[in-house]
1. What number comes out for the charge environment of PRO229, summing +1 per Lys or Arg and -1 per Asp or Glu over other residues with Cβ under 10 Å away?
2. Could you give the nm distance between label points at LEU249 and PHE132, where each point is 7 Å from its Cα heading toward the beta carbon?
3. From the mean inverse distance of alpha carbon pairs (Kirkwood) and the Cα radius of gyration, derive Rg over Rh for the stretch 2-249.
4. Taking the chain as a Gaussian network, Cα atoms linked when under 10 Å apart, which of MET33, MET256, MET70 shows the biggest mean-square fluctuation?
5. Can you check what the net charge comes to around HIS254, using other residues whose Cβ is under 14 Å from the Cβ of HIS254 (Lys, Arg +1; Asp, Glu -1)?
6. Please list, ordered by chain and number, the residues whose modelled amide H lies under 5 Å from the amide H of VAL194; skip anything fewer than 5 residues away on the same chain.
7. What is the sum of charges, Lys and Arg at +1 and Asp and Glu at -1, for the other residues whose Cβ falls under 13 Å from the Cβ of VAL19?
8. With both partners inside the chain, how many of the DSSP beta bridges are antiparallel, as a percent to the nearest 5?
Amino acid sequence: MIRLERVTKIYPGSAFPAVDSVSLEVAEGQICMLIGSSGCGKTTIMRMINRLTSITSGTIHIGDQNVMDMDPIQLRRQIGYVIQQIGLFPHMTVYDNIATVPKLLWWDKKRIAERVDELLDLVNLDPDTYRFRYPRELSGGQAQRVGVARAMAADPPVMLMDEPFGAIDPINREVLQEEFLRIQARLRKTIVFVTHDIDEAIKMGDKIALLDAGRLIQFGSPEELLTKPKNQFVKDFVGADRTLKRLNLLRVKHAMLRNPVHCLEEDPSEKVAEKMIEQDMSYLLVTDRQGRLKGYVNLYDLRGHKGTVGDVVRPLSLTVKPDTNLKDALSKMLSYDLGIVVAVDDAGRLQGFLNTRTLFSVVGESYDERGGHWGRITADGRIL
Ligand SMILES: Nc1ncnc2c1ncn2[C@@H]1O[C@H](COP(=O)(O)OP(=O)(O)OP(=O)(O)O)[C@@H](O)[C@H]1O
Ligand SMILES: [Mg+2]
């Protein structure tokens, strides 16, 4: 846990504080994203946490220890630090850069060599290609990745990462973000992570601290910043498309209507048609006895049809998984005539149903269980 209490930094000779009475807490194993425009005090906060910069007033605790009571060298060994301008030692190879802290900790050679290779793999750099290169022989993004590997080398419980993915192109950046979150799910480090990119903050953060001119403007979960921006500044910062951004945070399973009304393929068409008329539905989902989705029928096909629903069922080609993110589901929904997507599990069993109405119920505030041509979309299970 990292806790800042009314932390202020006034650089000597400066009229205004660079950091102005900032209080925030990062719980054990969580990622706190620091975001705000250039010069708002992000790097200064990081450097006060590991005591590279003195604190003018206020306190910083790591766990139950006040950083001011700790030996700065000891403190920094417990904290992995990825600095903003990469900061690799230019006269040392990639290997020696990553091995810096493990060497200080007197790890044996074999353990260090294994760790370096493991970390290079982790940041998507082939160990055999890059191990003995010098920083000048790396691209900016590659150097940043070595910087991340170096900060993680001794497996510190706390990491301070100052724009670690800043110089990396969008595609590799996304790969690294995914990879990083995957590792974090396992390692559960306590991380303060600086970014300029609101999308990165929303994607990576358990909490986001939005700063402006040294002040903490809003501190909360990505969800809170998107749904309850405190003021116009936050609104502008998260962007006018904050509703769409929220879709990225949510998954189909959060929005879908479970156990949607449906019939079985062996149900008699006429009976189903009667029920559909009664319930004001034009379309209906069809499954087999095992609950596997077979498709849908429309009322027009069923009326006057003497057989079973299975004879006239139409395939539903567009399905999603409950774990699909809502943005992808929406984009599929919009490209599909019926304006719905159906969620099925890996075995093809009907799990839920999503249309613009059910989407509104999570993204907007209103909930209406009437769903256009589909009529009443209720969680009634079978129609008969
Ligand atoms: N050593 C220093 N002496 C005096 N002022 C400083 C010093 N370091 C930073 N500042 C000032 O403190 C303020 C905050 O700087 P800081 O580096 O923390 O910003 P930042 O949020 O990290 O910005 P960026 O996004 O550009 O990295 C700035 O106005 C900066 O000019
Ligand atoms: Mg900075």
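1. Here the charged neighbours net out to +2.
2. If labels sit at LEU249 and PHE132, their model points lie 4.9 nm apart.
3. 0.97
4. For the chain, modelled as a Gaussian network with Cα springs under 10 Å, the answer is MET70.
5. Numbers: positive: ARG246, ARG251, LYS253, ARG258, LYS321, LYS327; negative: GLU223, ASP323, ASP328.
Charge balance near HIS254 sits at +3.
6. The list, which skips near neighbours in sequence, is LEU34, MET161, ASP162, GLU163.
7. Working: positive: ARG6, LYS9, LYS42, ARG47, ARG215; negative: GLU5, ASP20, ASP212.
Within the 13 Å Cβ shell, the charges total +2.
8. So the antiparallel bridges in the chain amount to around 60 percent.
Every number in this text was worked out from the coordinates using simple rules, so none of it is lab data. Note that the structure is predicted; figures quoted are calculated from it, not measured. Backbone-built Cβ (ideal geometry, glycine too); neighbour counts: all protein chains shown.
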